[in-house]
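The values are calculated or read from the model by the stated rules, or taken from the named source; none is laboratory data. What you are looking at is a predicted structure, and each value in this text was computed from that prediction instead of being measured. Heads up, the Cβs are rebuilt from the backbone with ideal geometry, glycines too, and the neighbour counts pull from every protein chain shown. For accessibility, only protein heavy atoms count, side chains too; no ligands or nucleic acids. Shrake-Rupley method; radii C 1.70, N 1.55, O 1.52, S 1.80 Å.
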Amino acid sequence: MQKFVITGGVPLSGEVRIAGAKNAVLKMMAAAVLTDQPCLLRNVPNISDVAILRELLSDIGFEVRRINGDALELHAVEATWPFVPLEAGVKMRASFILLGPMLARFGRVILPNPGGDRIGRRPVDLHVSALEQMGATIVYRNGYYFASAPEAGLHGAHIDFPTVTVMGTENAMMAATLAQGTTVLDNAALEPEVDDLIQMLGGMGARIERTADRRIEIDGVDALHGTEHRVLGDRLEAETFAIAAAVTGGSVKATGVDPSHLGAFLSVCDQMGIAYEADAAGSTLTVHGAANGGLRAVDVRTDPYPGFATDFQAPLSVLMTQAQGTSSIHETIFEDRLDHLLELVRMGARVELVDERHARITGPTQLHGAEVGIADLRAGATLILAALTAGGTSVISGIEHVDRGYEQIEAKLVALGARINRIEA
Ligand code: UD1
């Protein structure tokens, strides 16, 4: 098992290159299943979730290879084994994104009930229901979903999602690209990663368009072709480095990210008094640490994009420990996503857990080093940020969760001046 050892208190300064977005690239790898021609993805992050999905696609019978560092070529000629084993499913919830593409292209797939971060129940009923409305038969037995399409293939449908779901939207829209007739998705997700996927599908010959904020319309075609696509920059990684600059009193320029995707986060920065320069044309965001610790408390409620991202409330809690007054967090998307706060308390944070979705944090507090552990990806980023802020040395275990979604996080932090080491323990 590996751990991070971090000695905090150093202002982080310099420039950091943001990698391609995890929550886009995994869906794009799945989209390559929709055609028998090669697809080339650029700006692919070197993270373990990509490695897991890559291995899974190889096991199904597809060719996947890295080219020139950050490019990945995927060639889904034939599915020799349309089956996702339980081990892959529990390692990565996003494996369920193969449901739509596999059904649309090969007419069948067997998938395990997905795992992923332990941040709540995370059902997949909306994915299943959307595909059923397109004609699929899906039976759940012994922990697996056995899915098949009618002989004539999937057909278009009008699907109105009762809850906004990112992967549910993506699964349905990928299936619809090869379905017969027109599909209309209402109450569809609006995340920038969904739009980047729409762009890639368009490049593959799909007839797909966002016709209103929460409506996507797709006219099915007989076949898609190969494409080349550059994955958009990871807004969550950019926000992580922005907070690293703000809490350590440094100044960090993040490149390779579109600041227009960071609206809700930048509005929180405005409210807290964090200075930044957002350059949309240059795809950079520069964030400066608050002079004399002058951060103001803030109330944040998570919501689907363009609201404040649930993925980012945990890292934000570190900033709240450094702000003057009482801040509050309302988590509306997932239950069980406040567990990291107990670890922050061990580092000296003043936290009141009102209930499982609502917490208050009072600052400013001088955090101190501690031995802490991680239960999921964003909680991992949170503890790293807390350790960078704290006086003394912290030891963080469970860092394999961080490797799922952050490319070379310690190398990037070291380049900004952080004292962080990865050790075998
Ligand atoms: C994606 C992101 C994740 C992010 C989340 C919300 C990926 C790989 N992951 O996850 O990082 O935190 O969006 O922005 O892109 N729900 C159901 N039934 C379903 C599906 C979802 O009830 O079939 C509920 C969920 O429990 C949750 C809400 O819908 O309360 C939103 O979840 P969803 O948007 O689907 O999350 P993911 O796509 O899994």
Based on what the data block shows, is Leu190 touching a Phe, Trp or Tyr at 6+ places or on another chain (Cβ under 9 Å) and part of a strand (DSSP E or B)? no
Can Ser317 be described as part of a strand (DSSP E or B) and within 28 Å of Glu191 (Cα to Cα)? no
Out of curiosity, is Val300 in a strand (DSSP E or B) and either modelled with pLDDT under 95 or buried (at least 18 other Cβ atoms within 10 Å of the Cβ) (or both)? yes
If you check every pair at least six apart or on different chains, which have Cβ atoms under 8 Å apart with a residue in the stretch 295-312 that is farther than 21 Å from Ser260 by Cβ first and a residue that is near the ligand (Cβ under 10 Å from one of its atoms) second? Arg301/Gly307; Arg301/Thr332
Please verify whether the stretch 309-326 includes one or more residues that are over 24 Å from Val16 (Cβ atoms) and surrounded by 20 or more Cβ atoms within 10 Å (Cβ to Cβ). no
Is one or more of the residues making up the stretch 194-204 in a helix (DSSP H, G or I) and free of Cβ contacts under 8 Å to residues at least 12 places away in the same chain? yes
Taking Ile333, is it surrounded by fewer than 24 Cβ atoms within 10 Å (Cβ to Cβ) and within 16 Å of the ligand (Cβ to nearest atom)? yes
Could you tell me whether any residue of the stretch 242-250 is in contact (Cβ under 8 Å) with a residue 60 or more places away in the chain and outside any helix (DSSP H, G or I)? yes
Looking at the stretch 174-187, which of the residues that are closer than 20 Å to Val33 by Cα and part of a loop (DSSP other than H, G, I, E, B) is nearest to the chain's Cα centre (by Cα)? Thr177
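For every residue, the table says whether it meets (1) within 16 Å of the ligand (Cβ to nearest atom); (2) at pLDDT 95 or above; (3) within 29 Å of Ile374 (Cα to Cα); (4) not assigned by TED's automatic domain parsing to the domain that holds Ala370.
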| site | (1), (2), (3), (4) |
| --- | --- |
| Gly9 | no, no, yes, no |
| Ala30 | yes, yes, yes, yes |
| Gln37 | no, yes, no, yes |
| Arg42 | no, yes, no, yes |
| Glu63 | no, yes, no, yes |
| Leu74 | no, yes, no, yes |
Taking strands (runs of 3 or more DSSP E) that fall entirely within the stretch 51-136, which contain at least 2 residues that are open to solvent by less than 60 Å² (accessible area, probe 1.4 Å) and within 18 Å of Met28 (Cβ to Cβ)? 63-67, 71-75
Filtering the stretch 379-423 down to residues that are surrounded by 24 or more Cβ atoms within 10 Å (Cβ to Cβ), polar (S, T, N, Q) and farther than 13 Å from Gly8 by Cβ yields Thr382
Looking at Val287, Val252, Val247, can you tell me which residue is modelled with pLDDT under 95 and buried (at least 24 other Cβ atoms within 10 Å of the Cβ)? Val247
Which condition does Thr286 not pass, out of (1) in a loop (DSSP other than H, G, I, E, B); (2) farther than 22 Å from Asn23 by Cα, if it passes all the others? (1)
